[in-house]
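The values are calculated or read from the model by the stated rules, or taken from the named source; none is laboratory data. Model, not experiment: these values are computed from the prediction. Neighbour counts are summed over all protein chains in view; Cβ atoms, including those assigned to glycine, are modelled from backbone coordinates with ideal geometry.
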């Protein structure tokens, strides 16, 4: 990788630090130590997608927000961890029957089950992360008791793509997804545009493997669980000359880290959380160039707080660079290998996106899916 200087400017990219979790939670838990009596009888609950609550990614971030609300407000919480999509609706139904006041559903794949259950249980409040509610046909619907929490990650992924192109020594970078859904391809769109922007600005020819934004075609493992698939695909990309890969695949991304550890000069860009902080593998941490982060933890905590105070609303929340709902993580161990001038360019690009001078477009943007 290219050399020199610090990334302090991007260390303040604006995301609140995401609380790290250890092992996956039990099926349900209750009782916080803090909080006030007004919210002590309030129960907030959460259903994971098939990646589970220990995914080092968005499920874990959501759970961190739930437990933070438990601790701060003294509310009761309960969880239902899904291991298969067939469990989504049953898990939601079980939490409804446990008298949850607010149920968070984590991920785009839970959208139909959320829509069905919310319409059937009008006295229960819902918040869905990474989607809106959907009907049985997969069409987005507005429901009075469902608050969508979405993140325009294309904006932050654009910055990550620019960084990747500017630090690549081989002139080739790559990305791939778990399942081909909008909340995955939005990362890949932004990453592709960032690489293209670097090429245009520097008259360079950095190649991107794994995603063709114009054709909306690329590489996917087909799930968010099988790390062996992630490793096999990453092995192929690295053998084709890529030296930086961004997996958008939850736990499958650990397969990319395993591949990166097998040879010098291989690096990874993590997604959803700051991978350097959330990954337990000490050998892999130094290989994470940066992460494209969503502020899921504070968003969950804020919604739970509002609902516990009888201030729930169904107005969609969209995280952007401007409101600090998305961002890129510090470079940690690799901050000295990102050129100072590149750091300055990325910081300026961030401001240009906030100001509207640069517009990052994706068909999968929350504004286009709502």
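Structure notes:
- In segment 127-135, the count of residues that are surrounded by 23 or more Cβ atoms within 10 Å (Cβ to Cβ), in contact (Cβ under 8 Å) with a residue 24 or more places away in the chain and over 19 Å from the mean Cα position of the chain (by Cα) is zero.
- Residues of segment 171-185 satisfying the condition of being farther than 16 Å from residue 253 by Cβ and not in a loop (DSSP other than H, G, I, E, B): 172, 182
- Meets criteria (more than 22 Å from residue 190 (Cα to Cα), surrounded by fewer than 16 Cβ atoms within 10 Å (Cβ to Cβ) and touching a residue at least 12 places away in the same chain (Cβ under 8 Å)) for residue 310: no
- Among the candidates 217, 169, the residue that is free of Cβ contacts under 8 Å to residues at least 60 places away in the same chain and surrounded by fewer than 19 Cβ atoms within 10 Å (Cβ to Cβ) is uniquely 217.
- From 338, 326, residue being buried (at least 20 other Cβ atoms within 10 Å of the Cβ) and under 22 Å from the mean Cα position of the chain (by Cα): 326
- Checked against the criteria, residue 283 counts as surrounded by fewer than 16 Cβ atoms within 10 Å (Cβ to Cβ) and more than 23 Å from residue 73 (Cβ to Cβ).
- Any strands (runs of 3 or more DSSP E) falling wholly within segment 288-334 and containing at least 2 residues that are in contact with a strand residue (DSSP E or B) (Cβ under 7 Å, 6 or more places away or on another chain) and closer than 16 Å to residue 346 by Cβ: 288-294, 326-328
- The one condition in (1) buried (at least 23 other Cβ atoms within 10 Å of the Cβ); (2) modelled with pLDDT of 95 or more that residue 226 fails to fulfil: (1)
- Total residues in segment 335-368, condition part of a helix (DSSP H, G or I) and touching a residue at least 24 places away in the same chain (Cβ under 8 Å): 16
- Annotation for segment 151-170: at least one member residue is under 29 Å from residue 307 (Cα atoms), part of a strand (DSSP E or B) and touching a helix residue (DSSP H, G or I) at 6+ places or on another chain (Cβ under 9 Å).
- Segment 90-130: number of residues that are in a helix (DSSP H, G or I), modelled with pLDDT of 95 or more and under 12 Å from residue 47 (Cα atoms): 11
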